[in-house]
Amino acid sequence: MTSRRLKRRFAETAEDPTLQVSLTVNGELIERTASVRMLLSDFLRHELGLTGTHVGCEHGICGCCTVLIDGKAARSCLTLVAQADGTEVTTIEALAAEDGKLHPIQQAFKESHALQCGYCTPGMIMNIFGRFNEPEPLDLSDQGIRTMLSGNLCRCTGYVNIVAAVRRAAQLLGRV
Amino acid sequence: MKPPLFRYQAPKTLKEAVIALASDPDAMVLAGGQSLLPALNFRLASPSLLVDIQHIDELKGISIAHGQIIVKAMTRHRELELDERVRQANPLIAETMAHVAHIPIRNRGTVVGSLCHADGAAEVPLVLILLGGSVVVEGPSGRREIEADKFFRFHLSTARRRDEIAVEARFPVLPAGSGWAFDELTRRHGDYAIAGVGAVVRLDAGGHANDIRLAACGVASRPIRLLEAEKLLSGTALGEAELKAAGKAAADLVSAPDDMHATNAYRRRVVAALVRRMVAKAAARARTRQ
Amino acid sequence: MSTRQFGARIERNIDPKLLRGEGVFVDDIPLPQPLHAAFVRSPFARARIRSINIAAAERHPGVAAVYTCDNIGDLDVEMPLLIPHSSMKHPHTQRPLARGDVYYVGQCVAMVVAVNRYVAEDAAALIEVDYDPLDVEIDIEKAVEGGAPLVHADAPNNIAAHFVQVSGNPDEAFAKAEHVVKIRVQVERSTAAPMECRAVAARWDEVSQELTVWDGTQAPISLRGGLASILKLDEDKVRVIAPDVGGGFGQKIMMFHPDELLVPMAAMELGRPVKYIEDRRENFIGASQERTQIHYIELAAKKSGEVIGLKDSFLHDTGAFIPYGIAVAQVASTSIAGPYRIPNIWVEFKAVYTPTVQVTPYRGCGRPQACFAIERAMDQLAEKLGIDRFEIRRRNLIGEKEFPYPREGLLFADGLKVTLDSGQYHKALEMILAELGAANFAAAQQQVRAEGKYLGLGLAFYVEGTGLGPYEGGHVRIHPITGKVYVNTGLSCQGQGHDTVFAQIVADQLGVKPQDVIVVEGDTKAFDWGVATFASRAAVVSGNAIHKTATIVREKTIEAAANMLEADAADIDLHDGAAWVKGSNRFVPLAAVATASNPLRYAFNKAAQAATQFAPASRHDGPPLEEGKAPGLEASDYYSPPCATWAYGVHGALVEVDPELCTVKVNKYVCIHDCGNMINPMIVEGQVHGGVAQGLGGALYERLEFEPSGNLANANFVDFLMPYATEIPDIKVMHLETPSPLNPLGVKGVGEAGCIAVGAVVASAVEDALKPLGAGRFHQVPLTPSMIQAALDRAGR
Ligand SMILES: Cc1cc2nc3c(=O)[nH]c(=O)nc-3n(C[C@H](O)[C@H](O)[C@H](O)COP(=O)(O)OP(=O)(O)OC[C@H]3O[C@@H](n4cnc5c(N)ncnc54)[C@H](O)[C@@H]3O)c2cc1C
Ligand code: FES
Ligand code: FES
């Protein structure tokens, strides 16, 4: 394979229409020009470098990309960044304290061995976090927790320890 | 799996939105995006313009008046599901909404979007059919109200013209003294239904059904009323034999062909069972509400 | 003494970073100005390519390059046949980009590299490929019949491999049999579907002429070797890094997927980092799959229920290519007799080409199919003889005293004779019987039947050859400043907690906290001797290698510390991060020992100064570094297992079937499991839970739906029904620990165990539940509601 030769030149830009978006991400006001078709997931990950939000399907089933939009859990892969204009977005990076101390939900995951590869984990946690923030009462029965988790796929854990982690998180947060 | 190129507008008023939609024959309305974005990501849809209606204040909110629950276009599933007034006025709605997808999807997806999307297996269209509601649309030639029966054509197709925006849906409140029930069979929690059945039943003093409405989703190319089954049950005391006969009549209305998730024969069995169970459940509730 | 870390439920070292969203997966690596690849893939299962027109795509703004087979130079060849075997007469592997013909829907035909993935996909859509579609047959039973369209013209009847293995004298056994049962069972095509799809990124450094490849692979070292040889680079100039990997389950062992060669090539040619992040649709139509097998299994038994012979003939779908050789089918064939004595075995398979995605190992690797065959056959035999399902097993299980139990004539996937090394099979059976309440179950079943409820009990045994060779290595070094311990091995991790279990092993030897042991793997620049993560081998092979290495470092440490403390080596103990003179409060921190073990010129830190307070670490005369010794507290060593070590277990379930809705609800799921000594029971349980859930997917939900045309109708998570938490029951795991006699730690593998038995358990349970309705037998998984409906229909219910 030869490599020491002139590299090809090409137009670096795409022909995408763009728009100016302004949104708050993890408390910080972000103003950027973005392609109108850019998914919020890609915006967070590649424009802002917040790679804790993962992408597992880009069609709404796996939940890996879950973030909060205006305090409510949502799929960032099914949201254009254009649609998030003017909103407040919270990602997994905002959960732990500044000094790195884990949020009680994260702590519960660790104690319960509720993650293996950790790919589904941020989405799982943001979904749970969103649910814990709702005023609706939590159903902490086995079935209730499983229903809460449904919408987030995990291929590693068989969910058993994630169910336990939700219960533990509820304890740590004084919700039981 | 990234969306193809399109242009994007986010008007602040309905009027602007109608103009924008009419301006381009390949324009599409973007509401919650929970059906449209997957289609874009798979490049199964290729609109040249998306008209995002989320910033239009006139399209927000839920109100109840004159026996109708009026759900404006940008009302998210979860809002309708949790609305206490709606729970009082028609508990069937909240019960059914809990079966639509999962909370993060319901936080974004809209009720009217679901009606416009018109998936043959979707729950919200079934509710509209069951209750006899309607959809109000507005286009360059004005506003019109389309009854549920006429609104759904077939899978993913409605009577809404391409240049019309659905501005609201109207769900009748539950008739006084009626019992209700909805359940569905899905392979996975939150999936579209293999089959779903809703029932609204009112009983007379003697315990006979004097008003009964049944509808199903997932069994045909659009949600359907189970009229044959209603007929068989109407005026009866809803005994075992009648329920069985109604179940069978409902099964005979299943036209969905075999697909990877269910054979036609299986859907028939499910619909028959759900009709029996839902009628019994609705009747039991009717008894307590009399 | 510190408490023993081996066997403790230690929380994982890696978790905080993953929990905070600070994990670094391939697509998270910040690369300067990366370009993105997208592929044009065949829409036909079998077709001839008449022409490819890339002109419009090349002109498209933002496109850097478009590749077809015509401009990829030396890469335009069939990719390596990784594991050759004499049973394969016509082995075929795919080309990175199709030349002439395409062989499955999803095969890569062209690659576009552009400024971002959006534009790359736009341009890919502009490439016009003119295909001439050919006839196909995707049903493996029809594909082997004469006259079926051929996938490869040189492979008659689409047979890729044919192999027969014999143990004992099966013909004689069948001649003597008092009862014979014969059944046909089928397991369907599935896919690993890790939550992170496959991903590759590459950077070529023009100055150093070095290629760095980030690949979510299970086999970084093997990949490096392959890349170096195919790209004609010095191995030393290729660095492969498997960063955090979002699950693998076998799919990520397979190499090369086309992108793994094409992306590095493009990075070299374009002088810019290039990445390819496979999307979910591509993972379904492009990445390796597994499972379809159809077995005809026969058991020859005595009246007593003793099984004296087994014959099994099966078809194995290998897809359009067979890059991984016969591994899957071979593992199935050698696992076919399960935990039973069955002394006479004849097992034959034909690996069949179909115009579908290639088949390579997916967690379980042939074992779930073999387990389904033998366990369903055992149930059938029990029924035929009127013996209870537990009893028939009890009469055939290998006894504790009978180990090691060889199966002469059967060669496992490592090329070595199958020899079950140890176990307490009967004890496991009694445990599950008790846990399921099997003794009272019939009464419970009877009782609720009156209410229209149908309960069923199912069980299945499995064995699993784990910890295959050839070898792995370990490298351990105590850091001279911090006293922390750095450990390397040649694997990569996809969530199995290597960083914690290996830390526990080392912690015990060196008397440090597992949190102070830093395991670095998955980087060929950190350690580059070894094979890969597969076949439930990490704990066994790397675990023992690391253990051996740690004992060497322990000895070095003790010797040096004894010198420094002017004590006898026998009196030195390592705990709490220091070396202690036993029974005294005299100690030297490990950091100081490590520092002192490295004859230094300059004391530029506190650790070095501290070390000088002690006597020298070495008592020899002569030059500062003794002849034949290495500086520092460091060692490398290797472990090569003599043969596979066999884990086993038995799973049982109580289910409720609703005959109206044909739904199956698992009310209780129990696993009795034995993987030898457990390093970390918490992690073992996690592995088993995950395996069971994957098994339940395969038992009830997950099936790739290939249309007769070869098109995959459910290449998405909407229609490929991977279960959510709502579809998976609580799973109870109970342990037995029979140490493996084969390795110093006494461990066996656990990675795949959970998924093996589940299909057989569920089918057994559903059959049991619906017996009163005359629904008959369930010999196929996934077992869908429509299948239950059809069975009830046939029974007139
Ligand atoms: C994982 C997942 C699971 C799901 N499961 C279910 C389920 O079980 N049951 C179910 O019913 N749905 C389900 N959905 C779909 C969900 O309910 C959608 O939100 C809904 O169908 C569409 O609403 P939307 O606001 O998101 O519409 P959009 O996606 O924005 O639009 C959908 C379509 O309707 C048109 N449209 C939307 N609003 C209007 C309007 N006001 N006027 C004119 N046209 C309009 C759009 O142009 C588009 O064609 C699921 C979605 C996902 C991703
Ligand atoms: S990536 Fe968004 S739901 Fe899967
Ligand atoms: S931990 Fe790997 S997918 Fe959930």
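The values are calculated or read from the model by the stated rules, or taken from the named source; none is laboratory data. Small disclaimer: the values here were computed from a predicted structure and weren't measured. Cβ: placed from backbone, ideal geometry, glycine included. Neighbour counts: every protein chain shown. For accessibility, only protein heavy atoms count, side chains too; no ligands or nucleic acids. Shrake-Rupley method; radii C 1.70, N 1.55, O 1.52, S 1.80 Å.
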Quiz item: From the list B:Val135, B:Val127, B:Val71, B:Val112, which residue is away from ligand 2 (no atom under 16 Å from the Cβ), within 13 Å of the chain's Cα centre (by Cα), more than 26 Å from B:Asp211 (Cβ to Cβ) and open to solvent by less than 30 Å² (accessible area, probe 1.4 Å)?
Solution: B:Val112
Quiz item: Among the listed residues A:Gly86, A:Gly144, which satisfies the condition of being away from ligand 2 (no atom under 16 Å from the Cβ) and either under 30 Å from B:Pro4 (Cα atoms) or assigned by TED's automatic domain parsing to the domain that holds A:Ser35 (or both)?
Solution: A:Gly86
Practice problem: Test each condition in (1) among the hydroxyl-bearing types (Ser, Thr, Tyr); (2) touching a helix residue (DSSP H, G or I) at 6+ places or on another chain (Cβ under 6 Å); (3) in a loop (DSSP other than H, G, I, E, B) for C:Thr595 and report the one that comes out false. | Solution: (3)
Exercise. Kindly indicate whether A:Cys64 is within 14 Å of ligand 2 (Cβ to nearest atom), crowded, with 20+ Cβ neighbours inside 10 Å and either part of a helix (DSSP H, G or I) or on the phi < 0 side of the Ramachandran plot (or both).
Key: yes
Quiz item: If a residue has to be away from ligand 3 (no atom under 16 Å from the Cβ) and either part of a loop (DSSP other than H, G, I, E, B) or basic (Lys, Arg) (or both) to count, how many in segment C:241-277 make the cut?
Solution: 9
Practice problem: Name the single residue, out of those in segment A:16-53 being open to solvent by 50 Å² or more (accessible area, probe 1.4 Å) and part of a strand (DSSP E or B), that is farthest from the other protein chains (Cβ to nearest Cβ). | Solution: A:Leu29
Quiz item: Would you say A:Leu149 is surrounded by 22 or more Cβ atoms within 10 Å (Cβ to Cβ), within 14 Å of ligand 3 (Cβ to nearest atom) and facing another protein chain (nearest Cβ under 9 Å)?
Solution: yes
Practice problem: Tell me which residues, restricted to segment B:223-252, are within 23 Å of the chain's Cα centre (by Cα) and buried (at least 18 other Cβ atoms within 10 Å of the Cβ). | Solution: B:Pro223, B:Ile224, B:Arg225, B:Leu226, B:Ala229, B:Glu230, B:Ala246, B:Gly247, B:Ala249, B:Ala250, B:Ala251
Practice problem: With a cut-off of at least 3 residues that are buried (at least 24 other Cβ atoms within 10 Å of the Cβ) and of a type in the set (Val, Ile, Thr), name the helices (runs of 4 or more DSSP H) lying wholly within segment C:714-797. | Solution: C:758-770
Quiz item: Which residues, counting only those in segment A:131-152, are within 16 Å of ligand 1 (Cβ to nearest atom) and either closer than 20 Å to C:Gly497 by Cβ or outside any loop (DSSP other than H, G, I, E, B) (or both)?
Solution: A:Thr147, A:Met148, A:Leu149
Practice problem: Within segment C:269-289, identify whether any single residue is away from chain A (no Cβ under 14 Å) and open to solvent by 20 Å² or more (accessible area, probe 1.4 Å), and answer yes or no. | Solution: no
Practice problem: Among the residues of segment C:197-231, write down those that are within 16 Å of ligand 2 (Cβ to nearest atom) and either at pLDDT below 95 or out of contact with any strand residue (DSSP E or B) (no Cβ under 6 Å at 6 or more places or on another chain) (or both). | Solution: C:Cys197, C:Arg198
Practice problem: State the number of residues belonging to segment B:25-72 that are in a loop (DSSP other than H, G, I, E, B) and either within 13 Å of another protein chain (Cβ to nearest Cβ) or small (Gly, Ala, Ser) (or both). | Solution: 17
Quiz prompt | Subset tally (residues that are over 18 Å from C:Glu464 (Cβ atoms) and open to solvent by 70 Å² or more (accessible area, probe 1.4 Å)) for segment C:403-436 | solution = 3
Quiz prompt | Selection within segment C:17-59 - under 30 Å from C:Ile683 (Cα atoms), open to solvent by 30 Å² or more (accessible area, probe 1.4 Å) and touching a Leu at 6+ places or on another chain (Cβ under 8 Å) | solution = C:Arg20
Exercise. Considering each residue of segment C:124-169, count those that are in contact with a strand residue (DSSP E or B) (Cβ under 7 Å, 6 or more places away or on another chain), under 30 Å from C:Ala110 (Cα atoms) and open to solvent by 50 Å² or more (accessible area, probe 1.4 Å), and give that number.
Key: 5
Quiz prompt | Matching entry among C:Val129, C:Val151 (being more than 14 Å from chain B (Cβ to nearest Cβ), within 17 Å of C:Val105 (Cα to Cα), in a strand (DSSP E or B) and of a type outside the set (D, E, K, R)) | solution = C:Val129
Practice problem: Tell me which of these B:Asp26 doesn't satisfy, since it passes every other one: (1) within 12 Å of ligand 1 (Cβ to nearest atom); (2) open to solvent by less than 20 Å² (accessible area, probe 1.4 Å); (3) not aromatic (Phe, Trp, Tyr). | Solution: (2)
Quiz item: Does any residue of segment B:163-172 turn out to be part of a loop (DSSP other than H, G, I, E, B) and more than 11 Å from the chain's Cα centre (by Cα)?
Solution: yes
